[in-house]
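Read through the structure below, which is laid out as structure tokens, and then see the notes.
Read-outs: derived from the displayed coordinates by stated rules, not from any lab. What you are looking at is a predicted structure, and each value in this text was computed from that prediction instead of being measured. Cβ coordinates were reconstructed from backbone atoms using ideal geometry, including for glycine residues, and neighbour counts include every protein chain displayed.
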């Protein structure tokens with residue numbers, strides 16, 4: 001095996017292991033906000049490892065892997081924020097052992113929500 005193949009396999013194993021840790025976090029964490037944190041961070045790092053491994057192991061994958069990694073870096077924070085904001089506006093409660101420092105939506109917007 002060449003060093004490139006070893007690095008590719010190591011990156012693949014890292015990505016799969018990190019994604020597995022994220023799945024465990026999704027099952028064990030108590031509410032949508034902490035699950036969103038786990039899924040957002042883990043999906044980014046796990047997918048980066050898988051993309052790096054695929055780019056090292058497969059010929060001609062580098063341009064697509066880089067494009068997908070850039071797209072992921074741009075879209076993942078926006079998607080996580082949108083999901084968290086929708087959950088907050090919908091009134092999804094936080095787990096009981098967390099403190100909510102955000103004021104109610106009505107105080108933020110200055111208008112009453114229906």
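Summary of computed values
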| quantity | calculated |
| --- | --- |
| Point-to-point label distance, residue 41-residue 17, nm (Cα→Cβ direction, 7 Å offset) | 1.7 |
| Structure-based [θ]222 nm, the chain - -39500 (n - 2.57) summed over DSSP H runs of at least 4, per residue, nearest 500 | -26000 deg cm²/dmol |
| Nearest 10 degrees, 0 to 90: helix 3-28 Cα axis against the chain principal axis | 20 |
| Cβ-Cβ FRET estimate between residue 2 and residue 89, R0 fixed at 41 Å, reported to 0.05 | 0.20 |
| Principal-axis tilt of helix 62-89 within the chain, Cα atoms, nearest 10 degrees | 20 |
| Helix 32-57 axis, angle to the chain major axis (alpha carbon atoms, nearest 10°) | 10 |
| Gain in span if fully extended, residue 59 to residue 81, counting 0.36 nm per residue against the direct Cα distance | 4.4 nm |
| Matching label, mean projected area of the Cα convex hull in nm² computed from the structure shown, candidates (i) 7.3; (ii) 10.1; (iii) 9.2 | (iii) |
